[in-house]
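Heads up: the structure comes next, in structure tokens.
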Amino acid sequence: MAPYSYDWIDHWGRRSPRILTPGAEKLAAGQQLMVFTLVDIEPGHQFSGRSFPAAERLFGPLAGTYAIEPLDDQNCRLICRLVLGSGRFGATLLAWGDFVMMRRQLLNLKGLAERDARTLAGFGAMTELTP
């Protein structure tokens, strides 16, 4: 499990974890995540999935990719791309809902990454001063 966008919607009101669940980063082709089956994985860079049949019945065919785009030596951008089939009301609803939800999810991940980077930087500084 990882941080959700709005816990009251995505996680039925339960607070999602604020740390990465051990092993959650170990992704494999064929694994199911939410509405996707993973089809392409580059560890540390990106993963992509295609909707499985139950999701396609609701929303039509869709595909998504989460990717990390390096900006410089210390900064990066987390990007999510979602491609939806057109012509279905469910796809239109999903696109607008996902816009709101995904923005919140990415901001949560950003905040946690920055928090962890500060913690690691502070820990490094403390260990340098400790004899």
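The values are calculated or read from the model by the stated rules, or taken from the named source; none is laboratory data. It should be emphasised that the depicted structure is a prediction, and the values quoted were computed from it without experimental measurement. No Cβ is skipped: glycine too gets one built from the backbone with ideal geometry, and neighbour counts run over all protein chains shown.
Of the strands (runs of 3 or more DSSP E) lying entirely inside segment 14-108, the ones with 3 or more residues being within 23 Å of Arg118 (Cα to Cα) are found at 62-70, 76-84. Take the conditions (1) touching a strand residue (DSSP E or B) at 6+ places or on another chain (Cβ under 9 Å); (2) surrounded by fewer than 16 Cβ atoms within 10 Å (Cβ to Cβ); (3) closer than 22 Å to Tyr6 by Cα; Leu71 misses just one of them, which is (3). When residues in segment 13-32 are screened for being at pLDDT below 85 and touching a Phe, Trp or Tyr at 6+ places or on another chain (Cβ under 7 Å), 1 of them pass. Scanning segment 90-121 for residues that are at pLDDT below 75 and touching a Leu at 6+ places or on another chain (Cβ under 9 Å) returns Gly90, Ala91, Thr92, Leu94, Ala95.
Here Arg14, Arg18 are screened, and the one residue that is among the basic types (Lys, Arg), exposed (fewer than 14 other Cβ atoms within 10 Å of the Cβ) and within 15 Å of the chain's Cα centre (by Cα) is Arg18.
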